[in-house]
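Following: one structure in structure tokens, then a few remarks.
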Amino acid sequence: MKKIRTRFAPSPTGYMHIGNLRTALFSYLIAKHDNGDFILRIEDTDQNREVKGALNFIYSVLKDTHLEYDEGPDKPGKYGPYIQSERLPIYKEYADKLVDLGGAHYCFCSEEDIQAQREAAEKKGKGFKFVDPCHHISVEEARKRIAAGEKYVVRQTIPAEGITSFDDAVHGHIEVENSTLDEQILLKSDGFPTYNFANVIDDHLMEINCVIRGNEYISSTPKYNLIYKAFNWDIPMYVHCPPVMKSQTQKLSKRNGDASYNDLIEKGYISDAILNYLALLGWAPEDNEEIFTMDELIKRFKIERINASPAIFDQDKLGWMNGEYLKRMPLEKFHELAMPWYKKVLTRDVDLRELSMLLQTRILFFAEITGYDKKVLNEGAEEATVEHVPSIVDFIENTLEFNPELYRHKKMKTTPENSLEALYWVKERMEAFDNYSDDEALTQMFIDLAAEKGVKNGRVMWPARVALSNKASTPGGCAEIAHILGKEESLRRIDQAIKDLQNALNA
Ligand code: GLU
């Protein structure tokens, strides 16, 4: 059997849709599962969509995600060039050949002619299908007109009758009547091919024998197959992947706040977790396992288990998975990754390792450290609104406002009044205590204090935690926070809280 060759063929738009990256991953996995080649080809024939720096962006995403290609623009192989705009003479040559083979014809119609036909059809209330008068021009005559400098395009010639069919590995047998296919432009008047032509020529010349792409291309595939047939080329295996959607009916869209790959990276998701999650968008293993290394994915990935129905991108599920990746990494690694995030918001000299220990099991992604904007699409709303989620470590900088009501906690049986009393006890104990880097010893100190005073632990621990943080919810309890802040700062905060409570109660 021939070695399998797949490709990822992005257009350089400067933006990596989740669905695109998922398709790249599937192409990579399908190739690597059978020790095949995975090729990167840049489809930049639509020069209007060109974005500066987009090429480097594609390289860097593929590098980050470990989707290592065997050939590509920056990794020459024997099938190059791998950038379509550098292959224009090839498309011209094959377009002319296709005309000779009867699979295409030269067309001299202007856009205005076509528009006029379209309007006439619409006036009659008919659906528009362009019927090309240039069909009747002989190839010799057409070439004479071209030599004389007339503007032209190359259009596909579709048989008026018959059926074109193919088998898709995901969607099964697909048949269309040729009469429903339009005679699309293959080569434009400026010499650039359309996607519809370039993809066929390149896939053939690059010996791509398994085409993996989004299912929006299914309906055009019969037209591509007619081109393969006209050339008498082997038709590749087709794997049209299900779309990645927000819900059964809503597409993912940037405007509605749906994340692209870069958005996720900017929020501090890690690329291995993103890729792992993407693998499950439209594919599932035989068992219910969900966490896979890339090597495991390569081993387990089977085309037969790609699902035809839309895959739903569930941000919460991705968050869960990212959290799992964070929990499973060594603390050292987590700490190293968290460091730049701390630097953005923390200026105090606190025990960041202790903080990392607490956060490693509590955060789902790193932007929780700095706080982040969350786009929310409310029911019925046209556009997403932005909500700011505050930093999970905002208590460290001591910028939060005192609020006596935080001391009132039904279950802990605390009130501002009895919290003040508890803080006097806490202050005395914390002054006498020195081992702030030992969470267990610190915790025991609070437990002993409560026991001595004959109250439940919460009666001293809740006021201590609120006093140290001015928050009702913190990662870790009073012992961990005291550890992070250290003795001096902890005592300063207890003192301040006592003063604030006294003032509030006297007011
Ligand atoms: N350039 C196309 C796109 O970005 C690729 C389609 C394909 O994989 O054939 O959508």
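The numbers here are math on the coordinates, done by the rules we state, and not lab data. Because the structure is a prediction, the values reported are computed rather than measured. We place every Cβ from the backbone using ideal geometry, glycine too, and count neighbours over all the protein chains shown.
Counting residues in the chain as N, plug N into 2.2 N^0.38 Å and put the Cα Rg over that result.
1.36
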For the range 447-456, Karplus-derived ³J(HN,Hα) couplings (6.51, -1.76, 1.60; θ = phi - 60°; whole Hz; x for glycine and proline) come out as 5, 4, 4, 4, 4, 4, 7, x, 10, 5
Mind checking the dipole of the chain: about its Cα centre, +1 per Lys or Arg Cβ, -1 per Asp or Glu Cβ, Debye to the nearest 20?
380
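Please compute the contact order of the range 137-202 in relative form: average sequence separation of alpha-carbon pairs under 8 Å and at least six residues apart, divided by the residue count, as a percent. Walk me through the numbers on the way to the answer.
Numbers: 68 pairs, mean separation 18.9, N = 66.
Taking the mean separation of contacting Cα pairs over the length of the range 137-202, I get 29 percent.
If you put +1 on each Lys and Arg Cβ and -1 on each Asp and Glu Cβ, how big is the dipole of the range 1-117 around its Cα centre, in Debye rounded to 20? Present the calculation step by step, with values, prior to reporting the outcome.
Working: 15 positive and 18 negative charges, 128 e Å.
In total the dipole reaches around 620 debye.
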Angle check, please: helix 331-345 long axis (alpha carbons) against the longest principal axis of the chain (alpha carbons), in degrees 0 to 90, nearest 10.
90
Classified through the alpha carbon gyration tensor (a ≥ b ≥ c as square roots of its eigenvalues; rounded if a/c is under 1.5, else prolate when a/b is larger than b/c, else oblate), the range 120-233 comes out oblate
Using alpha carbon centroids, what distance separates the range 150-216 and the range 321-387, in Å?
46
Within the range 130-157, find all residues whose amide N lies under 18 Å from a label point positioned 7 Å from the Cα of residue 116 along Cα-to-beta-carbon.
130-137, 151-153
Which distance in nm do the two modelled labels at residue 332 and residue 312 give, with both placed 7 Å along the Cα-to-Cβ direction?
4.2
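When averaged across all projection directions, what area in nm² does the alpha-carbon convex hull of the range 341-415 cover?
On the way: hull surface 31.6 nm².
With every direction weighted equally, the projected area is 7.9 nm².
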Given the Cα-Cα distance of residue 399 and residue 151 and 0.36 nm per residue of separation, how much length would full extension add, in nm?
82.3 nm
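What is the calculated FRET efficiency for residue 88 to residue 253, with r their C-beta to C-beta distance and R₀ = 35 Å, to the nearest 0.05?
Values: r = 33 Å, r/R0 = 0.95.
E between residue 88 and residue 253, to the nearest 0.05, is 0.60.
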As a quick test, which of the pairs 97/129; 32/327; 471/499; 52/374; 63/251; 267/374 have an alpha carbon distance above 20 angstrom in this structure?
97/129; 32/327; 52/374; 63/251
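Dividing the convex hull volume of the alpha carbon atoms of the range 185-328 by its residue count, what do you get in Å³ per residue? Show your work: numbers first, answer last.
Details: hull volume 23.6 nm³, N = 144.
Looking at the range 185-328, the number lands at 164 Å³ per residue.
Please rank 200, 466, 139, fewest neighbouring Cβ atoms within 10 Å first, as an exposure proxy.
Working: 200 25, 466 29, 139 13.
Arranged by neighbour count, lowest to highest, 200, 466, 139 become 139, 200, 466.
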Estimated inter-spin distance, residue 216 and residue 431, nm [label 7 Å along Cα→Cβ]
6.9
What angle do you read, to the nearest 10 degrees and between 0 and 90, between the alpha-carbon axis of helix 416-432 and the longest principal axis of the chain?
80
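Going by the alpha-carbon gyration tensor, a ≥ b ≥ c the square roots of its eigenvalues, is the range 448-507 rounded (a/c under 1.5) or, if a/c is not under 1.5, prolate (a/b greater than b/c) versus oblate? Kindly include the intermediate steps, with their values, before the conclusion.
Working: a/c = 1.61, a/b = 1.09, b/c = 1.48.
Oblate.
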With the charge dipole of the chain built from beta-carbon charges (+1 for Lys and Arg, -1 for Asp and Glu) about the Cα centre, the Cα from 58, 40, 137 projecting farthest to the positive end belongs to 137
Toward the positive end of the charge dipole of the chain, about the Cα centre and with charges on Cβ (Lys, Arg +1; Asp, Glu -1), which of 418, 275, 360 goes farthest?
418
Can you tell me the length gained on complete extension of the stretch residue 136 to residue 46, counting 0.36 nm per residue apart and subtracting the Cα distance?
29.4 nm
Dipole of the chain, positive direction: furthest Cα of 153, 468, 166, with charges on the beta-carbon
468
Computed over the chain: relative contact order in percent, which uses C-alpha pairs under 8 Å that are six or more apart:
12
Pull out the extension gain between residue 299 and residue 347, defined as 0.36 nm times the separation in residues minus the alpha carbon to alpha carbon distance; nm, one decimal.
12.7 nm
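So if R0 is 25 Å, what FRET efficiency would residue 174 and residue 1 give, r being the distance between their Cβ atoms, rounded to the nearest 0.05?
Details: r = 24 Å, r/R0 = 0.97.
Efficiency for this residue pair is about 0.55.
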Between the Cα axis of helix 315-328 and the main Cα principal axis of the chain, the angle (0 to 90°, nearest 10) is 60
Once both label points are put 7 Å beyond Cα along the C-beta direction, the residue 291-residue 496 separation in nm becomes 3.8
Quick one: dipole size for the range 424-507, taken about the Cα centre, charges +1 on Lys/Arg Cβ and -1 on Asp/Glu Cβ, in debye to the nearest 20.
440
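What list do you get for 301, 366 if you sort them by fewest beta carbons within 10 Å? The partial results should precede the final answer.
On the way: 301 20, 366 23.
With the sparsest Cβ surroundings first, the list reads 301, 366.
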In what sequence do 109, 241 fall when counting other Cβ within 10 Å, fewest first?
109, 241
